[in-house]
Amino acid sequence: VNLIMDTFASLALATEPPTEALLLRKPYGRNKPLISRTMMKNILGHAVYQLAIIFTLLFAALQRDQRPQDPRREERL
């Protein structure tokens, strides 16, 4: 699985030719963070969004299971 995922990532990086501005850019320093503030905001925003959806679905499923059942309705397996 890791080999496949690494292959897709390298293909994505290799298919687009580098621009002149990218080639002339100075390298980032050693003390610079790998994840910028914008990236961190996006990661946290997506995490909060996904957790909200998951907990909403979980809460809805639990509420559905706790409703009283109609006694006239037979349970079928």
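Of note:
- Qualifying residue in the range 19-35 (condition: of a type outside the set (A, V, I, L, M) and within 21 Å of the chain's Cα centre (by Cα)): yes
- Conditions (1) open to solvent by less than 100 Å² (accessible area, probe 1.4 Å); (2) at pLDDT below 90; (3) in a helix (DSSP H, G or I); number of the one not met by residue 17: (3)
The values are calculated or read from the model by the stated rules, or taken from the named source; none is laboratory data. Note that the coordinates shown come from a computational prediction; the quantities given were computed from them, not determined experimentally. Just the protein is used for accessible areas: all its heavy atoms, side chains included, with ligands, DNA and RNA removed. Shrake-Rupley method; radii C 1.70, N 1.55, O 1.52, S 1.80 Å.
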